[in-house]
1. Do we find a residue being at pLDDT below 75, surrounded by fewer than 20 Cβ atoms within 10 Å (Cβ to Cβ) and touching a Gly at 6+ places or on another chain (Cβ under 6 Å) anywhere in the stretch 136-159?
2. Identify, please: which residue in the stretch 167-181 is free of Cβ contacts under 8 Å to residues at least 60 places away in the same chain and not in a loop (DSSP other than H, G, I, E, B) and is, among those, nearest to Asp131 (Cα to Cα)?
3. Identify, please: which residue in the stretch 108-120 is modelled with pLDDT under 90 and open to solvent by less than 50 Å² (accessible area, probe 1.4 Å) and is, among those, farthest from the chain's Cα centre (by Cα)?
4. Checking Ala92 against (1) open to solvent by less than 40 Å² (accessible area, probe 1.4 Å); (2) among the small types (Gly, Ala, Ser); (3) not in a strand (DSSP E or B), which single condition isn't satisfied?
5. Here are Gln102, Gln81: which of them is modelled with pLDDT of 85 or more and within 17 Å of the chain's Cα centre (by Cα)?
6. Between Ala82, Ala100, Ala75, which is open to solvent by 30 Å² or more (accessible area, probe 1.4 Å) and assigned to a loop (DSSP other than H, G, I, E, B)?
7. Could you figure out which of (1) at pLDDT 95 or above; (2) touching a Lys or Arg at 6+ places or on another chain (Cβ under 6 Å); (3) not aliphatic (A, V, I, L, M) isn't true of Ser66?
8. Within the stretch 41-56, which residues are open to solvent by less than 30 Å² (accessible area, probe 1.4 Å) and in contact (Cβ under 8 Å) with a residue 24 or more places away in the chain?
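The values are calculated or read from the model by the stated rules, or taken from the named source; none is laboratory data. Since this is a predicted model, take the numbers as computed values, not measurements. All Cβ positions, even for glycine, are placed from backbone atoms using ideal geometry, and neighbour counts span all protein chains on display. SASA here: full protein model, heavy atoms, side chains in, ligands and nucleic acids out. Shrake-Rupley method; radii C 1.70, N 1.55, O 1.52, S 1.80 Å.
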Amino acid sequence: MVVDAIKRTRGLPVDLSAALDASGVIGAWSWSPRSDRCILDAGAAEVLAGDPGLVGRPLPLEIARSCIHPEDRPAVVRHFQAVCERGGLFVAEYRTLSPAGQVRWILDRGRVPAAGSSRRTGHGLILDVTDNRRDDEPEIPAQVEPLDALSVAIDRAIECRDALGGVADSELQLLIDMLLLRLGQSIAKGATGTGARRAH
């Protein structure tokens, strides 16, 4: 069973949970191309699948992304399938629709292994960028081009956290969590700011 990618209940010298909430970092996912199953942490399970009780369970992608807005889902699915064919970065911005009818804008970014790669699992983070969107922006999903240094850094941080998964060192885990938090804040700002470019 997978624990939350960014642990919110561990005793910390700072209130990381509050900082995560303020930054827009929601949670994390992992995906196995061999089993075609996705595992969500508690935050991702609530937002992407609509049920935090699904945390840690290997889910079919249809369930793991069941809360993606119906109007955005076809484009997100096509984009994910295209990335899976070649491996590499998956970056998408789209809406989610909760069972209660709440609409949120999500920045979803991760890395999936190429076919034949020695890596068996893809990993990613999701961030809530609803508050950063302008009212006049078109209501369509847009891929964010991962071309800057922050994009490279967050991908390396995800890989680092994956590598430390079996290491029982809370200080190292805390450092990676705080790095992901800070990178997530910068990515969320840049993705909806004037410096972001979108592919259509």
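1. The answer is no, given that none of the residues of the stretch 136-159 is at pLDDT below 75, surrounded by fewer than 20 Cβ atoms within 10 Å (Cβ to Cβ) and touching a Gly at 6+ places or on another chain (Cβ under 6 Å).
2. Within the stretch 167-181, the subset free of Cβ contacts under 8 Å to residues at least 60 places away in the same chain is 167-169, 171-172, 175-176, 179.
In the following step, the residues that additionally are not in a loop (DSSP other than H, G, I, E, B) were identified as 171-172, 175-176, 179.
Details: Glu171: 32, Leu172: 31, Leu175: 27, Ile176: 26, Leu179: 22 Å.
Restricting to residues being free of Cβ contacts under 8 Å to residues at least 60 places away in the same chain and not in a loop (DSSP other than H, G, I, E, B), the top hit is Leu179.
3. Pass one, the stretch 108-120, residues modelled with pLDDT under 90: 109-120.
Filter once more, keeping what is open to solvent by less than 50 Å² (accessible area, probe 1.4 Å): 109-110, 112-114, 117.
Values: Arg109: 5, Gly110: 6, Val112: 12, Pro113: 16, Ala114: 19, Ser117: 21 Å.
Applying the filter and picking the extreme gives Ser117.
4. Condition not satisfied by Ala92: (3).
5. Numbers: Gln102 fails: within 17 Å of the chain's Cα centre (by Cα).
Criteria check complete, one pass: Gln81.
6. Numbers: Ala82 fails: assigned to a loop (DSSP other than H, G, I, E, B); Ala75 fails: assigned to a loop (DSSP other than H, G, I, E, B).
From the options Ala82, Ala100, Ala75, the qualifying one is Ala100.
7. (2)
8. Filtering the stretch 41-56 for residues open to solvent by less than 30 Å² (accessible area, probe 1.4 Å) gives 41, 43-45, 47-50, 54, 56.
Across the stretch 41-56, the qualifying residues are Asp41, Gly43, Ala44, Val47, Leu48, Gly50, Gly56.
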